[in-house]
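The structure appears right after this line, and notes come after that.
The values are calculated or read from the model by the stated rules, or taken from the named source; none is laboratory data. Only a predicted model underlies this, so the values are computations on that prediction, with no experimental measurement involved. For neighbour counting, all protein chains shown are included, and Cβ atoms are generated from backbone atoms with ideal geometry for every residue, glycine included. For the accessible areas, the whole protein counts, side chains as well, though only heavy atoms, and no ligand, DNA or RNA atoms are used. Shrake-Rupley method; radii C 1.70, N 1.55, O 1.52, S 1.80 Å.
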Amino acid sequence: MRSSMPSWRNRLGLLVALVILAGCGGAAESNARPTITGAWVRTPTPGATSTAAYLVISNRGAVAETLTNVATPAATAASMHRTLTSADMGGMTGMQMVDAIHIPAGGEVTLEPGGFHVMLEGLTGALNDGDSVELVLTFEQAGDVTVTAEVRGGLDGRSNLVPGSGTEPR
């Protein structure tokens with residue numbers, strides 16, 4: 001006589017299926033694409049052939065991510081840099097090119113004036129306040145992520161003046 005109760009094999013099969021389904025949710029989280037916010041490009045000074053782009057990269061995934069490249073039709077070259085102030089340089093500030101920018105799992109990195117940023121060199125046309133620039137960010141795991149950055153003024157997004165440099169209005 002057969003019992004109407006499920007056999008241990010059926011229960012085991014159900015348990016395995018549930019474990020597999022539960023694992024799928026975690027996999028989706030570990031492969032989350034980076035989110036880009038606040039993207040903007042500094043309005044170049046008249047006659048300039050380069051400018052900088054800034055943005056915030058959020059990584060909600062369970063695995064660290066790495067920004068490995070940036071491209072744009074607005075410039076012949078785009079490269080990642082960080083600003084350094086060094087005692088070896090007499091306290092002067094300079095830029096250092098970086099090959100990659102690491103974004104920790106569950107974290108974010110801000111590309112901003114005075115820190116990490118993207119240099120756009122060999123501008124292919126005029127960039128004026130209010131224009132839009134497409135940036136293609138290439139990540140090690142997520143691949144290409146395209147964002148639109150607004151062109152606007154300098155360090156604070158309002159002007160090209162550098163605070164404390166003597167060029168700000170009095």
> For region 23-143, what size does the Cα cloud have along each of its three principal axes, sorted from largest down, in whole Å?
Replying inline: 55, 38, 20
>> From the Cα trace of region 53-111, what convex hull volume per residue do you get, rounded to a whole Å³?
In response: 109 Å³
>> Compute the distance from the alpha-carbon center of region 83-146 to that of region 33-48, in whole Å.
In response: 9 Å
> Peptides 62-69, 93-100, 44-51: what's the order by average Cβ count within 10 Å, highest mean first?
Replying inline: 62-69, 44-51, 93-100
> So what is the accessible area of region 29-149 per residue, in Å², with the probe set to 1.4 Å?
Replying inline: 50 Å²
>> Residue by residue through region 107-122, what is 3J(HN,Hα) from phi via Karplus (6.51 cos²θ - 1.76 cosθ + 1.60, θ = phi - 60°)? Round to whole Hz and write x for glycine and proline.
In response: x, 8, 10, 9, 8, 8, x, x, x, 5, 7, 10, 8, 9, 10, x
